[in-house]
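Here the structure comes first, spelled out in structure tokens, and everything after it is commentary.
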């Protein structure tokens with residue numbers, strides 16, 4: 001049976017297995033288990049809670065502020081996909097941050113090309129790889145390897161991009177296939193994606209919320225409940241249905257692409273991105289921050305607005321660092337930091353708009 005979460009069938013098909021998961025209420029204990037190696041982060045979930053009314057209002061303000069920018073970047077990415085892969089690419093978004101972007105791209109590509117465009121969302125997990133059973137399904141349904149484009153929202157340090165390259169290379173070796181490990185994102189902060197619309201750290205509105213903008217689906221899970229032939233797992237939060245914005249968000253960005261402002265669907269002319277320079281800047285920044293804060297585990301540094309939001313929503317933050325506290329695009333981060341009593345530093349020389357540090361388990 002096809003699984004679409006709270007999306008419509010034409011938006012996406014999740015190649016994930018909904019399963020019950022015992023939630024870890026104590027986030028600090030979960031952090032200790034992850035950092036000590038006792039449990040892998042993919043084996044556990046913390047409870048997801050609905051955002052407060054104040055936080056929802058911050059989301060809608062952020063959406064209004066960044067709606068046109070995200071629409072233009074999605075359009076740019078759609079044209080890149082058509083240029084590189086031809087009129088019928090197969091979109092494979094990385095659950096879950098990639099799912100809203102992939103759904104928007106699927107609708108955009110159908111209207112630009114006039115063709116049916118398949119969009120799947122699959123699991124990829126740091127240190128565990130991509131879901132090979134999901135890739136098997138996509139190829140078995142007739143997708144050619146060269147048509148596949150992996151989709152995500154952004155890169156932070158480039159960890160998932162590196163995982164994708166390693167995992168797809170291993171998959172091709174096992175299956176004797178030639179699936180390209182090419183990642184397409186809206187914002188490539190790390191300079192590691194194959195293609196991106198921008199390298200700028202701006203607020204992608206879907207990064208602010210969790211399940212209620214991602215089809216009521218959790219991040220992916222890989223634990224003992226997942227059998228050898230199963231897709232990676234997830235939790236389907238049906239209890240949040242009354243607060244779901246997933247379909248509304250896709251439709252509103254697509255509407256912005258094709259109707260506001262007039263002529264928005266005309267082919268954009270983006271400046272080419274210097275990936276090598278961006279990658280070097282990113283690596284230098286991460287190394288400098290590790291030295292500045294005495295951090296030896298680079299996984300504890302999360303650069304960019306999107307990654308900082310994830311830390312504040314579901315990890316144990318040590319510190320939030322902002323370039324300009326008055327920026328509208330970081331107000332949700334300030335609200336979350338206040339709610340969780342997280343110290344906030346302001347550094348005008350920061351090359352990104354936000355960076356979050358995860359608390360070391362040894363200091364907890």
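The values are calculated or read from the model by the stated rules, or taken from the named source; none is laboratory data. Predicted model, so just to flag it, every value in this text is computed and none were measured. Neighbour counts run over all protein chains shown; Cβ positions are idealised from the backbone, glycine included.
Among 180, 205, which is surrounded by 16 or more Cβ atoms within 10 Å (Cβ to Cβ), under 13 Å from the mean Cα position of the chain (by Cα) and either in the same structural domain as residue 139 (by TED's automatic domain parsing) or more than 25 Å from residue 132 (Cα to Cα) (or both)?
Checking each option against the conditions leaves just 205.
With the requirement that a residue be within 30 Å of residue 313 (Cβ to Cβ) and in contact with a strand residue (DSSP E or B) (Cβ under 8 Å, 6 or more places away or on another chain), what does the range 110-137 give you?
Hits for the range 110-137 are 119, 120, 121, 122, 123, 124, 130, 131, 134, 135.
Could you check, for the range 323-331, whether at least one of its residues is more than 24 Å from residue 29 (Cα to Cα), without any contact (Cβ under 8 Å) to a residue 24 or more places away in the chain and not assigned by TED's automatic domain parsing to the domain that holds residue 55?
Taking every residue of the range 323-331 in turn, at least one turns out to be more than 24 Å from residue 29 (Cα to Cα), without any contact (Cβ under 8 Å) to a residue 24 or more places away in the chain and not assigned by TED's automatic domain parsing to the domain that holds residue 55.
Of the numbered conditions (1) under 22 Å from residue 305 (Cβ atoms); (2) under 17 Å from the mean Cα position of the chain (by Cα), residue 256 satisfies every one except a single condition; which is it?
It is condition (2) that residue 256 fails.
Could you count how many residues in the range 19-71 are outside any helix (DSSP H, G or I), surrounded by fewer than 18 Cβ atoms within 10 Å (Cβ to Cβ), at negative phi and out of contact with any helix residue (DSSP H, G or I) (no Cβ under 6 Å at 6 or more places or on another chain)?
12
Being surrounded by fewer than 23 Cβ atoms within 10 Å (Cβ to Cβ) and either farther than 21 Å from residue 110 by Cβ or within 16 Å of the chain's Cα centre (by Cα) (or both) is the requirement here; does residue 191 meet it?
It is true that residue 191 is surrounded by fewer than 23 Cβ atoms within 10 Å (Cβ to Cβ) and either farther than 21 Å from residue 110 by Cβ or within 16 Å of the chain's Cα centre (by Cα) (or both).
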